[in-house]
């Protein structure tokens with residue numbers, strides 16, 4: 001097993017690739033210059049303890065690399081030599097990291113809904129442990145021990161953020177369908193809201209050819225267009241029918257109580273418990289004894305009724321996994337990769353939206369979490385019939401511009417289709433990276449790049465990342481709105497109770513050798529009870 005490549009930053013002269021917790025720098029010819037997994041690399045043990053790198057970015061000059069791992073420590077690297085220049089602890093798990101336009105400021109969006117700014121090179125006061133820390137005010141959402149300056153905050157999990165081309169505005173999106181346009185760095189000044197999404201927003205993009213237009217998508221069946229300065233809708237592109245057939249990775253639905261675990265932290269004081277109904281236990285026991293004389297079939301039914309004594313009061317159990325869940329993102333209890341013969345329904349989560357000019361036509365290129373294809377369509381499309389797809393055979397982790405109309409496509413080469421047995425699976429190994437060139441209606445794969453060959457051979461590192469970590473957005477983005485037992489209605493409870501009463505009457509009749517007597521309607525029962533209470 002090998003770590004999949006999760007981040008790739010390339011230029012005309014070099015490249016940086018991230019695989020699991022490790023970083024490698026390469027020349028344009030594919031030669032590995034530096035690698036953190038080598039035995040002689042300083043700080044190798046600390047890198048392994050940090051866990052897989054979740055967020056990463058490089059500056060415009062390709063001199064500095066920012067990485068944030070599972071331990072929430074933000075590291076600034078010098079790409080030349082791959083040296084750690086600074087390391088700071090973040091208050092919450094990040095969802096996005098990017099450079100400001102001055103290339104000297106780092107912006108980090110986190111799962112608590114905040115965006116903090118940090119200087120590229122921390123001042124001595126930021127790293128000093130001797131100076132007393134300033135006490136946070138009552139209006140601070142959480143303490144920032146690394147001296148980060150709060151830019152803005154949402155009341156929901158922040159999913160993504162970007163800066164306008166002129167750097168004067170910051171656009172943020174959250175899991176509650178909101179897109180907010182704020183001034184930068186005066187994030188408290190809100191310019192507009194782009195409201196209209198029905199589900200979470202996970203991808204936003206401002207085209208270079210139309211800087212006043214914002215493209216957004218997530219769980220909705222469309223990509224929406226906005227005039228982001230005014231928040232006015234400017235159109236939409238239906239994508240669901242085109243993307244749905246290619247979503248190969250599916251996960252089980254989360255439990256209702258997992259909806260609030262937005263930061264991967266288990267709720268305090270949760271204990272596994274089971275509530276038992278107390279009504280009718282003696283009655284059920286009597287029924288079981290009476291039915292024992294009516295034959296084996298009736299006895300089995302009576303046993304079922306006795307075992308189902310919680311019908312009146314449905315049991316509520318909290319999984320033990322939620323008692324002390326570590327802060328490592330969704331666990332298998334939250335939703336394991338489906339391996340059953342009937343997998344759960346596919347979930348649409350857009351990973352990235354970008355634009356490129358292809359033979360004089362402006363194109364939108366996008367991909368979805370867990371989908372095996374890359375999709376594109378004209379920027380002015382209004383119908384899903386204009387969307388093209390190129391199937392890669394493996395789930396696409398990311399699509400990264402490589403200059404012009406070429407893109408790097410990162411794949412989960414270790415993924416195996418759960419519907420295909422191991423014996424029937426193709427023995428040929430799949431590449432971890434593909435280099436493709438986009439045409440108006442086709443996508444051409446390239447094989448003659450030395451950097452591509454190195455990424456698929458010498459850059460592969462032994463290790464394994466749990467598959468759910470790669471597709472955590474499928475679990476964490478959708479909000480589970482389904483309720484097994486709605487407290488606002490007793491319909492489900494009433495039906496279960498009536499079913500139990502019906503079976504009780506049948507068993508009693510079977511034991512006595514008579515025909516069960518029908519009972520009055522529920523409305524008549526309620527009227528009788530009301531009359532007695534009023535009397």
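The values are calculated or read from the model by the stated rules, or taken from the named source; none is laboratory data. Not measured: the values here are computed from a predicted model. Cβ coordinates were reconstructed from backbone atoms using ideal geometry, including for glycine residues, and neighbour counts include every protein chain displayed.
Scanning segment 445-468 for residues that are more than 30 Å from residue 13 (Cα to Cα) and either crowded, with 17+ Cβ neighbours inside 10 Å or modelled with pLDDT of 90 or more (or both) yields 467, 468.
Here residue 81 fits the description: in contact (Cβ under 8 Å) with a residue 12 or more places away in the chain, touching a strand residue (DSSP E or B) at 6+ places or on another chain (Cβ under 8 Å), part of a loop (DSSP other than H, G, I, E, B) and at positive phi. If you check 35, 28 for being modelled with pLDDT of 95 or more and either surrounded by fewer than 17 Cβ atoms within 10 Å (Cβ to Cβ) or over 22 Å from residue 109 (Cα atoms) (or both), only one passes: 35. Of the residues making up segment 358-381, those that are in contact (Cβ under 8 Å) with a residue 60 or more places away in the chain and assigned to a loop (DSSP other than H, G, I, E, B) are 359, 369, 370, 372, 379, 381.
Quick check on segment 398-409. Is at least one of its residues touching a helix residue (DSSP H, G or I) at 6+ places or on another chain (Cβ under 9 Å) and surrounded by fewer than 20 Cβ atoms within 10 Å (Cβ to Cβ)? Working first, answer last.
Pass one, segment 398-409, residues touching a helix residue (DSSP H, G or I) at 6+ places or on another chain (Cβ under 9 Å): 408.
Subset that is surrounded by fewer than 20 Cβ atoms within 10 Å (Cβ to Cβ): none.
No - not one qualifying residue is present in segment 398-409.
The set of residues in segment 150-179 being in a loop (DSSP other than H, G, I, E, B) and buried (at least 24 other Cβ atoms within 10 Å of the Cβ) consists of 175 alone. Scanning segment 376-397 for residues that are farther than 20 Å from residue 241 by Cβ and either buried (at least 19 other Cβ atoms within 10 Å of the Cβ) or over 23 Å from the mean Cα position of the chain (by Cα) (or both) returns 394, 397.
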